[in-house]
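This report refers to the structure that appears directly beneath it.
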Amino acid sequence: MTVELQKRAVTNCEKEKYLKACLQSQGVKIHRSIEQRKGGAGPAEGTTIILNGRPLSVPTSGNFVSQSPYSIHSVHGAYHLFKNGSQLSKVEIPDVPHYYSLKTQQGIPYNKIALLHGVNCLASTVFQNCIYWNSHKRCTFCGIELSLEKNATIVKKSPQQLLEVAKAALKFDRVHHVTLTTGTQAHSSDELRYLATCCTYIKSETTLPIHVQFMPPTDLRLLEILSKSGTDTVGIHIESFDFSVLEKVAPCKAELGLKTYLKTWEEAINIFGKNQVSSFLIVGLGEKRESIIEGATLLCELGVYPFIVPLRPIPGTSCAAHKPPDPSKIISVYQQVAPVLQSYGLSARNSKAGCVRCGACSALPDFEDV
Ligand code: SF4
């Protein structure tokens, strides 16, 4: 490759990661005929597109999307990304997975049990309800029970159902890993033991790596039970290190306090290992910028991957009228955190399963190549 071509390749790669950050902050106007996923736990609203072979989850139905300069249209049978009407690049929209057409013997569609995230991650919200949903402690950015209200899912997925769907998704759609998330249940012991049983079932007939997400449990010995069940990686999400903001946007998480999170992450690292534990950090909640950088650095010191994502205001939630952060803000966060990841030997590439491995909800993995 000539020096000129090498330079061009680097420039395109640089451009692509900035473009990803812009698309996640501003959203993409997309035709209704392209399947849109709405509701669910965490940053769930949106559509997955594939840009140069890598999946990217982009907002498509938030209020702010109508102001976005980006749109996707079909041109001669292929999808293209446009900015203010000018064609930028070809994109792919993943096909609807084949397993979505299947049902359990009781007639429950498989896509009410688990969805495809990114291009190869099978994701299920095992308990689609949360004890904080009808309380003042509910997280303002979360839409976990909205999908229930829309009848898009069922409230509790059984271990047998999850195994059945995992086998079908593996056979027909070649999924590579599984994410099990959950709403918070009244007793963390029951919740984590149930999640462990789900993992045991999935692992009994597949070799799929499994990621499990949950709040810090009251008894840290439950992490060992999860590990023995076959869980490969875990997500314990603090969302923000700015506690004045966390108290407003996620009171149920703020009341646990930083010490509880620290103890849980430390124990999780002992059990699952460096790079196999992660925490979401949401940018755009109104937090102080230093809190993100300092918090991400603290996580890296522990061996925990800070999965930095822009706020995704989900229609129907109390932050629906908010906007994601300006692209320049999240880009500068990515630029500052990427060298910290590198200096502590952390990388999304080394995650065995889950959101960090999938990478569709954050452009941080693209900024790792510094
Ligand atoms: S704890 Fe918060 S983020 Fe988790 S399911 Fe409940 S409301 Fe949603």
Q | Members of the stretch 174-202 found to be in a helix (DSSP H, G or I), surrounded by fewer than 19 Cβ atoms within 10 Å (Cβ to Cβ) and in contact with a Leu (Cβ under 8 Å, 6 or more places away or on another chain), listed by number | A | Ser188, Ser189, Arg193
Q: Report the residue count in the stretch 74-123 for those that are among the acidic types (Asp, Glu) and part of a loop (DSSP other than H, G, I, E, B).
A: 1
(Q) Tell me yes or no: at least one residue of the stretch 151-172 is more than 16 Å from the ligand (Cβ to nearest atom), among the charged types (D, E, K, R) and not in a helix (DSSP H, G or I). (A) no
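A quick yes/no check of all residues on (1) more than 22 Å from Thr48 (Cα to Cα); (2) out of contact with any strand residue (DSSP E or B) (no Cβ under 9 Å at 6 or more places or on another chain):
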site: Ala123; (1), (2): no, no
site: Asn129; (1), (2): yes, no
site: His136; (1), (2): yes, yes
site: Gln160; (1), (2): yes, yes
site: Lys167; (1), (2): yes, yes
Q: Answer yes if at least one residue in the stretch 248-256 is within 16 Å of the chain's Cα centre (by Cα), at pLDDT 95 or above and not small (Gly, Ala, Ser), and no otherwise.
A: no
Q) Somewhere in the stretch 203-223, is a residue within 11 Å of the ligand (Cβ to nearest atom), more than 26 Å from Gln105 (Cβ to Cβ) and part of a helix (DSSP H, G or I)? A) no
Q) Before we move on, is Ala296 assigned to a helix (DSSP H, G or I) and within 24 Å of Cys22 (Cβ to Cβ)? A) yes
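Check the stretch 239-249 and report whether any residue there is assigned to a loop (DSSP other than H, G, I, E, B), touching a residue at least 60 places away in the same chain (Cβ under 8 Å) and buried (at least 22 other Cβ atoms within 10 Å of the Cβ).
No, the stretch 239-249 contains no residue that is assigned to a loop (DSSP other than H, G, I, E, B), touching a residue at least 60 places away in the same chain (Cβ under 8 Å) and buried (at least 22 other Cβ atoms within 10 Å of the Cβ).
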Q) Does the stretch 229-267 hold any residues that are among the hydrophobic types (A, V, I, L, M, F, W, C) and away from the ligand (no atom under 16 Å from the Cβ), and which are they? A) Phe241, Leu258, Leu262, Trp265
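The values are calculated or read from the model by the stated rules, or taken from the named source; none is laboratory data. Just so it is clear, the model here is predicted, and its values are computed rather than measured. A quick note on method: Cβ atoms are made from the backbone with ideal geometry, for glycine too, and the neighbour counts reach across all protein chains shown.
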